[in-house]
Amino acid sequence: MFTKLLYIETFGCQMNVNDSERIVSMLADLGYAPTNEAAVADMILLNTCSVRGGAEEKVYNRLANLRIYKRDGKQQIIAVGGCVAQQEGEELLRKLPYLDLVIGTHNLHLLPDMVRGAERGERRSETSFIDNDQRLDLFPSIKGESRLSRFVTVMQGCDNFCSYCIVPFVRGREISRRSADILTEVAQLAYEGVREVILLGQNVNSYGLKTVGEPTFPELIRQVAEISGIDRIRFTTSHPKDMSDELIACFGDVPKLAGQIHLPAQSGSDAVLKLMGRGYTRDSYLDKVAKLKSVRPGIVFTGDIIVGFPGETDDDFEATLSLMEEVRYIDLFSFVYSPRPGTKAAELHDDLPKKVKMARLDRLMELQRRHTRDICQPYIGSVVNVLVEGEGKLPGQISGKADIGRIVNFSGDSALIGSFVDVRITKAYPNSLLGERV
Ligand code: SAH
Ligand code: SF4
Ligand code: F3S
C-alpha cells in the first residue's frame, strides 16, 4: 500500500538512471509511490553526477531551491545519492543542516533502513566501498516496472583511470556480475514482456576479463541472444581499447545486436590520447571503426569528445575534427574539459583561455550538426524496423526506436505498442525521425 510520495531527480549517466529505477522499486516496499512534484513529496532524492565541475554546482543550487519545500510542519526527507554523495560523504551533512541522508554508490542496499531511520529523524551518511565479491549479491533487482526496453547491469565500476576522469573514484573498482545472474535476469525480463535489453556498465567490453570461469563480453552477448523473447540487444559503454575482434564479429553474425554503437574517442590526436591515458591511438581507433563498418554495413556510431584538454593545440583539435570526418558520428556528446579533484590531469597545466575552448566546442558542434543531418537525411524514403514503446510526440502518434537507435514517431494505434513495426521515413529532424507505417 502506498502511503507516501517519493520525488527523484536524476543527473549524469545511465548508471544513475538505472540506480534511480532501483531506488523507486526498493522504496515501493516502504510505501513510497513516485511523484513528479517535489512540493508534495514526503521524500526528495537527488541522484547526482560529479563527472564535470558544473554538474556539482547544479546539485548545490538545486538543493538550495528544493529546501523551500522543507517547511515547518512538513516532515520531508531530503537525500543525496550518486557520485557527488560518494565524493563528499559526511561533509554534505555538515554543510547542509536540512539534509537527512547521503547514500554512496555502493550502498543502495542500505537505503530502506536509512529511510526508516530518517522517518524517525535520524541523519545518516553511508559511503563505504564494497570492493569484493559481497557486492555480487547486492544488485537489488527492479520490480514492478513494465517497459519494453530495460537496462541490465553487467558490470560496475571502472579500473581504467583515464587521467581526466572521476568515475573510478566515485564508482569504485571494476566488478563483473555472474553471468548466471545476468542470464536469469534477462530470461525473467523476457518472460515479463521485455523485448530489448541494454547491457550496462562503465566499460562493458572488459566484462569477465578479470574473473575466472566467466564468459567474455562477446560470449555473453551470444548467450543473451539465445534467450527467446529478447529481440534486440544494445550495450553501453564500450572502451575502444577493449573492442576485440570477437566483439566486432558479433555485429556481423548476431542479428539481434542493434546496428548502433557508442564508442567514445575523446580526441583525435595521439598526443592528447596519450596524456589522457586512453590506451589506444587514433589509427587503432579508426581501424576498429573500419572493421565495424565492414562487418555491419550501415552501422551508426555515437561518441564522446572532450575539447580543451590541457595542452591541446590547434593541430590537436584539427585532428579531432578530421577524426569526426572519418568516423561520421550520427550523434556526438561533446564536453569542455573540466579538471576534477584527485585526477592526474588536474595536475597538468591548464592554460588554454576559456574563449579558445568555447570556440573549439562551437566549431565541433557545428560540424556534428552537419554530420547528423547528412547521415539522417538519406533515411528519408527508406523503411526501418521500429520497436514501438509508447505514445508519440503528437496526438495519434506512436513512437519507438529504430535499430540504429533513433527515435521514430509515426501515426498509429496504441495497440501496436510492444511490437516491431516497419516504418517508412518521411522526415529527418535533428533528434528524431518522422515516418508512416508501411
Ligand atoms: N565510461 C564511459 C564514460 C563515462 S563519463 C567511457 O569510458 O566512455 C562520460 C563522458 O564524460 C566521457 O566519455 C567523457 O567524454 C566525459 N568526461 C569525463 N570526465 C570529464 C572531464 N573531467 N571533463 C570533461 N568531460 C569529461
Ligand atoms: Fe572514466 Fe575512462 Fe573509466 Fe570511462 S573508461 S569511466 S572515461 S576512467
Ligand atoms: Fe556522472 Fe557518476 Fe555517471 S560521475 S557520469 S553519474 S558514474
The chain - Debye-derived log10 I(q)/I(0), Cα point model, q = 0.06, 0.11, 0.13, 0.14 Å⁻¹: -0.27, -0.96, -1.34, -1.50
Peptide ranges 121-129, 75-83 listed from the most packed, as the mean C-beta count within 10 angstrom indicates: 75-83, 121-129
GNM top mover of H371, H106, H349 - the chain, alpha-carbon springs below 10 Å: H349
Cysteines (scope the chain) whose Cβ has no counterpart Cys Cβ under 4.7 Å: C13, C49, C83, C158, C250, C376
In sequence order, calculated HN-Hα J values of region 79-95 (Karplus, 6.51, -1.76, 1.60; Hz; x Gly/Pro): 10, 10, x, x, 7, 5, 4, 4, 6, 8, x, 3, 3, 4, 5, 5, 6
In region 4-132, lysine pairs with alpha-carbon atoms under 18 angstrom apart (chain gap of 8 or more, or interchain): 4
Share antiparallel - DSSP beta bridges, the chain, percent rounded to 5: 35 percent
Exposure proxy order (Cβ contacts within 10 Å, fewest to most) of T281, T372: T281, T372
Under 21 Å from K256, Cα to Cα: lysines that are on another chain or at least 8 residues apart: K288, K291, K293, K401
Hits among lysines - C-alpha to C-alpha of K210 under 16 Å, sequence gap 8 or more where chains match: K241
From the C-alpha gyration tensor of region 380-437, square roots of 5λ in Å: 15, 12, 10
Region 4-132: relative contact order in percent, alpha carbon pairs under 8 Å with at least 6 residues between: 21 percent
Amide H partners (placed H, <5 Å) of G268, local residues excluded: T320
Charge sum, other residues only, whose C-beta stays under 9 Å from Y164's C-beta, Lys/Arg counted +1 and Asp/Glu -1: +2
Listed residues L364, L92, L394, most fluctuating in the chain (Gaussian network, C-alpha, under 10 Å): L394
Derived scalar couplings ³J(HN,Hα) [region 107-124; Karplus, 6.51 cos²θ - 1.76 cosθ + 1.60; whole Hz; x for Gly, Pro]: 10, 3, 4, 7, 4, x, 5, 5, 5, 4, x, 5, 5, 9, x, 7, 9, 7
Rounded Å value of the spacing that divides the Cα centres of region 73-145 and region 200-241: 29 Å
For the chain, size of Cβ-based charge dipole, Lys and Arg +1, Asp and Glu -1, in debye: 780 debye
Cα centroid of region 259-322 to Cα centroid of region 1-66, whole Å: 34 Å
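Laboratory data are not the source of any read-out in this text; all were calculated from the coordinates shown. Fair warning: this is a prediction, and the values are worked out from it, not measured in the lab. Positions of Cβ are generated from backbone atoms using ideal geometry, with glycine treated the same way; all protein chains shown enter the neighbour counts.
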